[in-house]
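Asks: Here's a structure for you.
The values are calculated or read from the model by the stated rules, or taken from the named source; none is laboratory data. In this text the structure is predicted, and so the values were computed from the model without any measurement. Cβ atoms come from the backbone with ideal geometry, glycine included; neighbour counts cover every protein chain shown.
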Amino acid sequence: MNTLLKAPPIKLPADYESEAKKKKPSIDRRRFMNYAGWLGVLGAMNVALLGFLRFMFPRVLFEPPTEFKAGDPAGYAVGVVDTRYVNSERCWIIREQDGFYALSAICTHLGCTPKYLASEDKFKCPCHGSGFWRSGINFEGPAPRPLERHKIVLAEDGQLLIDKSKVFRHEKGEWGNPGSFLFL
Ligand code: FES
């Protein structure tokens with residue numbers, strides 16, 4: 001009876017164990033997958049953190065101020081092209097009998113800085129030879145239009161105040177606009 005119930009021993013193939021080992025993921029592989037998972041999570045957190053920082057500290061472009069004070073009007077002689085702000089502000093300040101105008105020192109050809117030639121009372125561009133009268137009107141060379149004028153007013157403290165963000169163009173008929181000339 002007992003011998004009938006006794007199951008015959010199962011015969012396993014000789015390479016059964018090594019096959020089973022192959023199919024079972026090794027501990028190193030599991031660990032690797034674990035690390036990869038954590039790296040993924042950390043990467044996602046870093047991206048989120050960077051996004052948050054960008055939101056909190058947006059990129060700001062600091063531009064130099066466009067306005068500058070040019071001192072007391074009494075410090076300017078009539079009929080003289082004042083060059084003291086050419087290097088720092090690229091601007092000439094010219095006093096005529098009845099007032100002031102501020103002329104941009106940027107050539108209207110390709111943007112070089114012309115020089116004021118007092119002996120000829122004109123501006124001459126060193127790059128391609130454009131010439132401008134003291135008014136800013138172009139008369140020679142490749143410059144296609146006159147120099148631009150900047151807004152000039154009197155500040156509350158009595159100094160000349162020039163705003164370079166505001167330009168007046170002769171060819172557009174803007175030299176008669178308020179701010180293009182400061183009458184005294
Ligand atoms: Fe002044 Fe060309 S940039 S003439």
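Asks: Can you tell me which of (1) in contact with a Pro (Cβ under 8 Å, 6 or more places away or on another chain); (2) farther than 15 Å from Ile152 by Cα is the one Phe100 doesn't meet?
Replies: (2)
Asks: Give me the residue from segment 152-184 that is outside any loop (DSSP other than H, G, I, E, B) and of a type in the set (Phe, Trp, Tyr) and, out of that set, farthest from Thr113 (Cα to Cα).
Replies: Phe183
Asks: Give the residues of segment 91-115 that are among the aliphatic types (A, V, I, L, M) and more than 14 Å from the ligand (Cβ to nearest atom), sorted by residue number.
Replies: Ile93, Ile94, Ala102, Leu103
Asks: Could you tell me how many of the residues in segment 146-182 are surrounded by 18 or more Cβ atoms within 10 Å (Cβ to Cβ), of a type in the set (Ser, Thr, Tyr) and under 19 Å from Gly111 (Cα atoms)?
Replies: 0
Asks: Based on this model, can you work out whether Ala105 counts as surrounded by 15 or more Cβ atoms within 10 Å (Cβ to Cβ) and touching a residue at least 60 places away in the same chain (Cβ under 8 Å)?
Replies: no
Asks: Regarding Ala155, is this residue among the aliphatic types (A, V, I, L, M) and within 16 Å of the ligand (Cβ to nearest atom)?
Replies: No: the conditions fail for Ala155.
Asks: β-branched (Val, Ile, Thr) and either at pLDDT 85 or above or within 30 Å of Arg149 (Cβ to Cβ) (or both) - does that describe any residue in segment 21-36?
Replies: Checking segment 21-36: not a single residue is β-branched (Val, Ile, Thr) and either at pLDDT 85 or above or within 30 Å of Arg149 (Cβ to Cβ) (or both).
Asks: Also, I was wondering about something else. Tell me yes or no: at least one residue of segment 82-93 is part of a strand (DSSP E or B), touching a residue at least 24 places away in the same chain (Cβ under 8 Å) and among the β-branched types (Val, Ile, Thr).
Replies: Yes; the residues of segment 82-93 include at least one that is part of a strand (DSSP E or B), touching a residue at least 24 places away in the same chain (Cβ under 8 Å) and among the β-branched types (Val, Ile, Thr).
Asks: In segment 116-151, which residues are basic (Lys, Arg) and either within 14 Å of the ligand (Cβ to nearest atom) or assigned to a strand (DSSP E or B) (or both)?
Replies: Lys122, Lys124, Arg145, Arg149, Lys151
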